[in-house]
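Taking it in order: structure first as structure tokens, then the write-up.
Any read-out appearing in this document is the output of simple, stated calculations on the displayed coordinates, not a laboratory observation. This is a predicted model, so every value here is computed, not measured. For neighbour counting, all protein chains shown are included, and Cβ atoms are generated from backbone atoms with ideal geometry for every residue, glycine included.
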């Protein structure tokens with residue numbers, strides 16, 4: 001009987017948290033691409049960002065969202081989306097990583113590339129031109145908000161040499177409808193200690 005009451009209490013508490021969940025849609029504070037062929041050039045003001053190999057040289061893209069207002073929040077889902085403008089040849093092998101150091105969109109270049117870490121990473125296939133690329137980035141946002149890793153933004157790499165690349169519209173694109181976005185479903189754990197992990201423990 002006690003076990004049943006404990007399970008019921010936990011389910012009620014989690015249901016309350018879920019009911020209190022908030023959805024927020026963010027646009028980047030910074031986005032830029034870096035180009036191996038123009039290693040000292042900054043592209044933070046460009047309306048497009050490139051990923052892959054352009055003219056035989058590699059391009060990578062960085063995108064940063066301000067998550068400071070949500071520090072400590074519990075994330076139930078997070079989705080990154082950007083509008084793919086162009087696709088050049090086959091781009092079936094791409095990876096999204098977490099940035100490794102601080103960077104600024106108006107100073108970042110290939111030569112001062114902040115780098116990336118694969119502690120959190122996501123492989124994804126070929127996007128579709130003139131359509132949204134949507135990626136489940138829940139693990140990234142969870143780790144940033146709980147302080148496991150510092151939020152240095154998303155770092156996109158295309159692994160399709162020598163001439164395959166795609167581009168998407170940045171926050172500098174004229175129509176804001178097509179700006180990159182990060183959608184987060186979250187809540188602050190203020191109703192009690194219940195968590196899905198605790199429920200799993202009870203059921204063992």
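Would you compute the Debye intensity of region 22-189 from its alpha-carbon atoms alone, equal scatterers and no solvent, and pass along log10 I(q)/I(0) at q = 0.09, 0.10, 0.11, 0.17 Å⁻¹ to two decimals?
Each listed q corresponds, in turn, to -0.27, -0.34, -0.41, -1.00.
Taking a ≥ b ≥ c as the square roots of the eigenvalues of the Cα gyration tensor of region 58-142, is the shape rounded (a/c under 1.5), prolate (a/b larger than b/c) or oblate?
In terms of gyration-tensor shape, oblate.
Relative to 2.2 N^0.38 Å, what does the C-alpha radius of gyration of region 124-194 come to as a ratio? Two decimals please.
So region 124-194 has a normalised radius of gyration of 1.47.
Using a 7 Å offset from the Cα along the Cα-to-Cβ direction at both residue 22 and residue 39, what is the distance between the two label points in nm, to one decimal?
Distance between the two pseudo-spin positions: 4.5 nm.
Would you order 174, 138 from fewest to most other beta-carbon atoms within 10 Å of each residue's own beta-carbon?
174, 138
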